[in-house]
Amino acid sequence: MSNLFLTPRYIITGKGALSQASENVKQLGKKALIVTDNMMVKLGSLKKVTDMLDSIHIEYAVYSEVNSEPTDTMVNGGILAYKQENCDFLIGLGGGSPIDTMKAVGAMITNTGDINEYLGKIIPNATPPLVALPTTAGTGSEATQFTIISDTKRDIKMLLKGPNLMPTLAIIDPIFTTTAPPNVTAATGLDALTHAIEAYTSKKSQPMSDTFALSAVKRINKYLLKAYKNGNDVEARTEMSIAALEAGIAFNNASVTIVHGMSRPIGALYHVPHGLSNAMLLEDCLNFALPGTPERFCDLAKAIGIYKKGDSDIEAGEAFIKEVGKLCKNLNIQTLEEFGVDKEKFFDNLDKMAIDAIDSGSPGNTRREPNKEDIINIYKLL
Ligand SMILES: NC(=O)c1ccc[n+]([C@@H]2O[C@H](COP(=O)([O-])OP(=O)(O)OC[C@H]3O[C@@H](n4cnc5c(N)ncnc54)[C@H](O)[C@@H]3O)[C@@H](O)[C@H]2O)c1
Ligand SMILES: [Fe+2]
């Protein structure tokens with residue numbers, strides 16, 4: 001069996017990546033639209049990027065209205081800014097939200113109609129060049145052909161996809177992540193862990209994605225708690241930024257499974273941040289998935305060094321999932337109730353959430369495929 005494997009055209013990693021990237025950025029166009037959020041303006045992260053652009057005499061305009069997870073309205077604002085300012089390429093600076101918004105803006109510059117018409121469809125036409133500069137070590141959006149945009153009328157998170165959404169240049173400079181507060185570090189780091197575990201245990205896994213997934217799991221297991229405890233630990237931040245990239249590359253080529261499928265409806269209805277809703281579901285979903293691929297969960301236990309000689313695959317898999325649960329606890333992941341979601345309202349919506357989860361296609365990639373009842377039963381455990 002043969003497999004396609006996609007990555008960004010250029011990836012630059014490590015401290016100083018932004019400055020090294022100037023040579024590549026010069027080739028991409030004359031005027032950039034920088035898509036970002038107010039936090040990046042406030043922290044001075046935007047200035048680092050504009051200083052680099054000034055140094056190579058590239059013009060820019062800034063669209064900084066992505067102040068929550070992206071919606072169709074924010075994308076439309078970005079399209080307007082891009083056209084009014086006569087830009088010819090895009091830079092996404094921030095967590096997954098600005099990067100996803102940038103991708104959607106790029107898509108709608110060269111494709112006709114409205115963003116909401118592209119739910120589940122492949123984006124057909126090439127976008128302008130896309131530069132992704134992540135400031136969280138989480139989504140891996142810098143290396144994926146996906147963007148997730150909320151349709152504000154239908155209350156769903158739309159997954160838009162296609163190789164045309166793959167960034168041209170990914171700049172993985174860990175310095176931008178050192179300002180992330182502990183709760184953001186925890187949730188985004190667990191998002192990356194979820195990507196890696198789901199890619200490795202997906203029906204669509206392939207040898208190349210396996211390599212990236214296992215490497216990401218090892219790095220996250222070793223460095224996430226360190227980055228959480230000390231945001232200025234540059235080694236931990238560097239390793240986490242590479243891990244998030246690896247996990248992005250892995251799931252881009254192997255897909256995600258049940259956790260992401262069930263997480264998106266929680267985000268769409270209750271505005272729980274993406275990494276947090278994944279983390280809330282992680283242990284229960286993995287316990288469900290384990291019997292579908294005990295040998296792959298055993299590999300994960302071996303990767304983080306907790307496999308004990310004589311353990312069956314199932315025992316090793318259970319030990320791995322327990323370790324993931326322990327990590328979530330140490331990272332003080334909130335429960336649904338602690339986040340402020342009304343349990344009664346949550347129970348009223350289970351049917352819609354289960355249908356939306358299945359319709360997203362992700363749960364179908366799980367090696368033990370869940371039906372609607374299974375999904376409802378897992379939601380009830382939260
Ligand atoms: N495209 C993909 O492949 C993909 C994969 C997973 C998730 N996503 C999407 O990504 C979005 C979530 O992205 P995210 O988890 O990175 O969060 P985010 O971009 O929404 O950022 C979360 C918060 O952290 C702040 N922040 C980000 N970086 C910071 C830094 N360095 N210092 C201080 N504050 C910082 C932001 O301002 C924001 O308030 C969701 O919409 C999710 O659906 C996309
Ligand atoms: Fe994710």
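List of remarks:
- Qualifying residue in the range 34-49 (condition: on the phi > 0 side of the Ramachandran plot and more than 19 Å from the chain's Cα centre (by Cα)): yes
- So residue 371, is it at pLDDT 95 or above, at positive phi and surrounded by fewer than 17 Cβ atoms within 10 Å (Cβ to Cβ): no
- Every residue from the range 20-47 that is away from ligand 1 (no atom under 16 Å from the Cβ), among the aliphatic types (A, V, I, L, M) and over 11 Å from residue 60 (Cβ atoms): 21, 28
- Positions within the range 191-213 being surrounded by fewer than 21 Cβ atoms within 10 Å (Cβ to Cβ) and in a helix (DSSP H, G or I), in sequence order: 207, 208, 210, 211
- Selected residue (criterion: farthest from ligand 1 (Cβ to nearest atom)) from residues of the range 258-279 that are under 17 Å from residue 378 (Cβ atoms) and in contact with a Leu (Cβ under 7 Å, 6 or more places away or on another chain): 262
- Every pair of residues 6+ apart whose Cβ atoms lie under 6 Å, when the first sits in the range 268-288 and is in the same structural domain as residue 326 (by TED's automatic domain parsing) while the second is away from ligand 1 (no atom under 14 Å from the Cβ) and aromatic (Phe, Trp, Tyr): 272/339
- Residue list for the range 251-288, filter: crowded, with 24+ Cβ neighbours inside 10 Å, of a type in the set (S, T, N, Q) and more than 13 Å from ligand 2 (Cβ to nearest atom): 253
- You will find that of 121, 157, the residue that is within 30 Å of residue 88 (Cα to Cα), at pLDDT below 95, out of contact with any Asp or Glu (no Cβ under 7 Å at 6 or more places or on another chain) and within 16 Å of ligand 2 (Cβ to nearest atom) is 157 and no other.
- Near pairs, Cβ below 6 angstrom, 6+ apart or cross-chain, from the range 345-369 (over 22 Å from residue 148 (Cβ atoms)) to any residue that is crowded, with 22+ Cβ neighbours inside 10 Å: 368/289
Here's the yes/no breakdown for (1) under 28 Å from residue 21 (Cα atoms); (2) more than 9 Å from ligand 1 (Cβ to nearest atom); (3) part of a strand (DSSP E or B):
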{"residue": "126", "(1), (2), (3)": "yes, yes, no"}
{"residue": "132", "(1), (2), (3)": "yes, yes, yes"}
{"residue": "136", "(1), (2), (3)": "yes, no, no"}
{"residue": "139", "(1), (2), (3)": "yes, no, no"}
{"residue": "153", "(1), (2), (3)": "no, yes, no"}
{"residue": "159", "(1), (2), (3)": "no, no, yes"}
{"residue": "171", "(1), (2), (3)": "yes, yes, yes"}
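- Against the conditions (1) more than 15 Å from ligand 2 (Cβ to nearest atom); (2) within 23 Å of residue 262 (Cα to Cα), residue 213 satisfies every one except (1).
- The single residue among 173, 191, 155, 151 that is charged (D, E, K, R) and at positive phi turns out to be 155.
- Test: residue in the range 88-102 that is touching a Pro at 6+ places or on another chain (Cβ under 8 Å), surrounded by fewer than 23 Cβ atoms within 10 Å (Cβ to Cβ) and touching a residue at least 24 places away in the same chain (Cβ under 8 Å): yes
The values are calculated or read from the model by the stated rules, or taken from the named source; none is laboratory data. Since the model is a prediction, treat every value here as computed from it, not as a measurement. Because the Cβ atoms are built from the backbone with ideal geometry, glycine has one as well, and the counts that use them run over all protein chains shown.
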